[in-house]
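Have a look at the structure below before the remarks.
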Amino acid sequence: QVRLVESGGGLVQPGGSLRLSCAASGSIFSINAMGWYRQAPGKQRELVATITTSFTTNYADSVIGRFTISRDNAKNTVYLQMNSLKPEDTAVYYCNHRTLVPGAKYYGVDFWGKGTLITVSS
């Protein structure tokens, strides 16, 4: 079992910035991926950004150049720096964790945080 706790959500004006954090605890193995997904009202949940323990990253096209994902392996924490925010970034943001060690009890299993609301509005 992996537990994820997000923080840093809130209300921000267009063009502003926010920083999200997600701390993982529990059955964490040495090779894993963590990231952020978001779901806007009436929309499907979509990938925002992911990062592995070896620091390989992947971003949605819509956030390239504006968002930066990073992680601290010693703290089992992933961060998302969000700059130049747009109204269309408004969504509930969910932290994700996936174990990538073959044979591990939770190999390939997705764990999710409860979500944190980001509202971009003037």
To the nearest Å², the heavy-atom accessible area per residue of the chain with 1.4 Å probe amounts to 53
Enumerate lysine pairs in the chain that are 8 or more residues apart or on different chains, then count those whose Cα atoms are under 25 Å apart. 6
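What per residue convex hull volume, in Å³, do the alpha-carbon atoms of the chain yield?
Hull volume normalised by residue count: 94 Å³.
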Per residue, the convex hull volume that the Cα atoms of the stretch 69-122 enclose (Å³): 107
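Taking only C-alpha pairs under 8 Å that are 6+ residues apart, what is the relative contact order of the chain in percent?
36
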Which whole-number percentage describes the relative contact order of the stretch 25-79, with Cα contacts under 8 Å and a sequence gap of 6 or more? 27
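The values are calculated or read from the model by the stated rules, or taken from the named source; none is laboratory data. Nothing here was measured: the structure is a model prediction, and the numbers come from that model. Accessible surface areas use protein heavy atoms only, side chains included; no ligands, DNA or RNA. Shrake-Rupley method; radii C 1.70, N 1.55, O 1.52, S 1.80 Å.
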